[in-house]
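Read the figures in this text as sums done on the coordinates, not as results from a lab. On a predicted model such as this, the values are computed, not experimentally measured, just so you know. Cβ placement follows ideal geometry from the backbone for every residue including glycine, while neighbour counts extend to all protein chains displayed.
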Amino acid sequence: MFDFVMTITERKIINYQQQEMKNMDNIHLSSKKEEIAKSAWKYMLKTGLAKASIGGLCRETEYGESTLYHYYKNKDDIWISAGKYGISYVVDNLLSFTLEHTDNVRTYFDTLLNEVEKYKFELRLAIQITTSPMYGERMRNRAMDFRVWYENYAEKLIYIFNCTHLQAENFIYSIISYVIDYVIWDDREKTQMLLESLYSRTMNFIKANNP
């Protein structure tokens with residue numbers, strides 16, 4: 001009986017160790033895939049989507065094709081993952097910039113387009129990928145991931161300004177819309193006018209809810 005109990009205990013230990021090893025493998029896999037996606041994104045910023053190639057990516061990063069295809073199914077999977085990485089990087093930075101200026105809304109609206117200038121090439125590539133006939137639909141299929149990020153920022157705005165979820169969501173999507181418009185058309189004056197209108201609505205809300 002004692003030997004039998006020990007055998008069960010040992011089996012539980014072995015199962016636990018195997019699960020831990022599997023978890024570590026998954027963490028390594030995720031980390032390596034993100035590393036490759038980041039490298040692919042930087043590579044595409046240099047070449048553009050149309051001229052990007054696996055051979056060029058290998059030369060640029062010193063990854064072998066066997067390594068790339070070990071972590072990704074095919075070329076399209078690499079470019080789409082790179083696009084997702086790039087979009088998340090830019091959106092996270094711009095929304096973080098928004099939250100950093102909640103104490104000085106005027107400064108935020110005055111300096112937002114200067115901040116956007118830092119990411120203009122990234123944003124143009126992101127727009128190119130999401131509107132591409134080849135990759136656009138698959139990128140949009142991953143929109144739920146972006147939705148989660150927007151929800152997190154919306155919750156923070158709700159807490160800071162005591163606004164409704166709809167108001168926070170409208171603010172975020174308005175900012176994103178104006179930024180995209182600016183990146184595409186490069187009309188600073190027009191975009192700043194749109195931002196000024198949003199600023200007025202925002203300040204009216206803040207004053208009404210914080211007498």
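Placing dummy labels 7 Å off each Cα toward the beta-carbon, the span from I206 to N114 is 1.8 nm. Which of rounded, prolate or oblate describes the range 2-209 when judged by the alpha-carbon gyration tensor and an a/c cut-off of 1.5? Since a/c reaches 1.5 but b/c is at least a/b, the shape of the range 2-209 is classed as oblate.
Ranked by how many other Cβ atoms sit within 10 Å of their own Cβ, fewest first, the residues L166, L113 fall in the order L166, L113.
Of the peptides 79-86, 152-159, 34-41, the ranking by mean beta-carbon count within 10 Å, highest at the top, reads 79-86, 34-41, 152-159. Within the shell of other residues whose beta carbon sits under 13 angstrom from the beta carbon of T131, the net charge comes to +2, with Lys and Arg scored +1 and Asp and Glu -1. Think of the range 65-211 as a dipole: +1 on every Lys or Arg Cβ, -1 on every Asp or Glu Cβ, centred on the Cα centre; then among I78, L95, L198, I78 lies furthest on the positive end. Bridging of K120 to aspartates and glutamates at a Cα separation below 20 Å is possible for D92, D110, D181, D186, D187, E189, once same-chain residues fewer than 8 apart are set aside. May I ask for the net charge around Y69, where only other residues with Cβ less than 11 Å from the Cβ of Y69 are counted and Lys, Arg are +1 while Asp, Glu are -1? Charge balance near Y69 sits at 0. Computed from backbone phi, the HN-Hα couplings of the range 148-157 come to 4, 4, 4, 4, 4, 5, 4, 4, 5, 5 Hz, rounded to whole numbers (Karplus: 6.51 cos²θ - 1.76 cosθ + 1.60, θ = phi - 60°; Gly and Pro given as x). Averaging Cα coordinates gives a centre for the range 123-173 and one for the range 33-100; these two points are 20 Å apart.
On full extension, the segment bounded by H101 and F121 gains 4.8 nm, given 0.36 nm per residue less the C-alpha separation.
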